[in-house]
Every structure is written in C-alpha cells, then in structure tokens.
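Okay, so here's the structure we're looking at.
The values are calculated or read from the model by the stated rules, or taken from the named source; none is laboratory data. From a predicted model like this one, the values you see are computed outputs, not experimental measurements. Neighbour counts are summed over all protein chains in view; Cβ atoms, including those assigned to glycine, are modelled from backbone coordinates with ideal geometry.
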Amino acid sequence: MDRPISRDERQYRRFLEETPAGPGKWYEAGHRFNAAGYHDHPATQVTWLGACAFAAWRNARLPSATEWQAAARGPEGRIYPWGNEFDPSRCNVDSEGTTPVDYYGAAGASYHGCRDMVGNVFEWTSSDAPGKGRVFTWVDGSKHFGLSFKLLCGGCWAMFADVARADSCRVDFTPVQGSGCVGFRCARQLERAPSSQPQHPQAE
C-alpha cells in the first residue's frame, strides 16, 4: 500500500518556481500560494492536472479512490479514520475555512498513521467518476471529449460530518477546475525489504 503525503501551499509554490508550465490549467486565479498566513495550509484551487503535475515532480502520483479509502479506513473498515463515532475534535468540518496541515495531529490519524484524511479539504484521486461524463469543448460546432470527471474523497471544512467520512468517495469534480474546498495528497510505492520467509500464494 502506498503512503499518502499531504501537500501545503509552500510546497506547491516551490514546485511552480522549479517547473516550467505544462499543458492545461494547473490552478485557479484565487490560489493562496503567496498569501500570508497560509503557507502551511493545504494547497487548494489546484486542478486535477496541477495535482498530477506536482505528484510527478515528487516522483509520486495521486492515489486511486480504492487506495485512499484503504489508507483512511484501515483493515477494520472504519467509518472515520480514528473509529466509527464522529468526534469534532479530530477533524475540520462545518467551519469557516481550512486549518494547517496536520493541525489535529495523531488524534485524527488512521490505523496506518495517515493524517487529515477527512475534513479540511476534499482530495483528488486518480479514479474516474463512473457515469459522470467527461470534459468537452466545442470545435467547429462539434463536441470534443477529453478527461473524465474525477472522484474526490474525504469531505471538507464546509461540509457536515455525514459527508466528511472515510468510507465515502462519491463526490465528483471536473479535472480542469480547482476549488477552495479541494486539495490533494501524493502516493508513492514503498520498497519492501526482502523476506527470508518462503512466500505462499494467496487465495483470490
């Protein structure tokens, strides 16, 4: 399982400084990359394309919705990262805006130690939103279809607890727009140490 890594405004600003602009829109004009007081908040107003570009810069990628849920719910399949009962002291929901990355620390962590998995900002995944269509443009009177809408996970600061859950990745969003309620985290494949124990096939 890949380990998600939260990204903040300061890190995204550094990425933009070091990376030539690529195809497509990476972020919206309302971003806070240079705003005072937000350097340690989640990077928001970033499109799916911009999140993918940042992940590639980090030699990483976006997690799939399945991977995201596995990291958030753990082997017990929890409703919230910490358990099955909502606790407002462990995440940022129904508030006026974002809080810094890791503001709730271990109190909001999942079984796997992943933090900020619910509330604060929705998070982009690599997964297409089934049945939600694709982005299109009009060219000479005809529709030209592009990227599929993508699944978001985790809920955000503007949502109530029934949306900010680890067991739900049902919200979809266009990949070519950003939002003040949407951020992302990266995933990277972990290197496993060689095992001296014989490997047995697993039942499917």
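Please go through the range 74-95 and pick out each residue that is aromatic (F, W, Y) and either closer than 25 Å to Y38 by Cβ or part of a loop (DSSP other than H, G, I, E, B) (or both).
W82, F86 - these are the residues of the range 74-95 that are aromatic (F, W, Y) and either closer than 25 Å to Y38 by Cβ or part of a loop (DSSP other than H, G, I, E, B) (or both).
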Worksheet, complete the sentence: Of the residues in the range 119-131, those that are more than 10 Å from the chain's Cα centre (by Cα) and in contact (Cβ under 8 Å) with a residue 12 or more places away in the chain number 5
Worksheet item: Just one of R90, R61 is free of Cβ contacts under 8 Å to residues at least 40 places away in the same chain and among the basic types (K, R); which is it?
Response: R90
Discussion item. Given the criteria touching a residue at least 12 places away in the same chain (Cβ under 8 Å), among the hydrophobic types (A, V, I, L, M, F, W, C), assigned to a loop (DSSP other than H, G, I, E, B) and surrounded by 14 or more Cβ atoms within 10 Å (Cβ to Cβ), does F54 qualify?
Written reply: no
Worksheet item: Hey, A107 hits all of (1) out of contact with any Ser or Thr (no Cβ under 9 Å at 6 or more places or on another chain); (2) farther than 17 Å from C169 by Cα; (3) surrounded by fewer than 17 Cβ atoms within 10 Å (Cβ to Cβ) but one; which does it fall short on?
Response: (1)
Discussion item. Among the β-branched types (V, I, T), modelled with pLDDT under 85 and either surrounded by fewer than 18 Cβ atoms within 10 Å (Cβ to Cβ) or under 23 Å from H39 (Cα atoms) (or both): which single residue out of T98, T137 fits that description?
Written reply: T137
Discussion item. When you scan the range 32-42, do you find a residue that is at pLDDT 90 or above and either under 14 Å from the mean Cα position of the chain (by Cα) or part of a helix (DSSP H, G or I) (or both), even just one?
Written reply: yes
Worksheet item: Got a sec? Which of A35, A60, A43 is over 18 Å from V176 (Cα atoms) and buried (at least 18 other Cβ atoms within 10 Å of the Cβ)?
Response: A60
Response to the item:
Flagged in the range 140-171 as at pLDDT 90 or above and of a type in the set (F, W, Y), in numbering order, are F149, W157
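Out of D172, D167, I need the residue that is farther than 26 Å from R10 by Cα, of a type in the set (D, E, K, R) and not in a loop (DSSP other than H, G, I, E, B). Which one?
D172
For the range 110-117, check the following and say yes or no: at least one residue is in a loop (DSSP other than H, G, I, E, B), touching a His at 6+ places or on another chain (Cβ under 6 Å), more than 27 Å from G24 (Cα to Cα) and not basic (K, R).
No.
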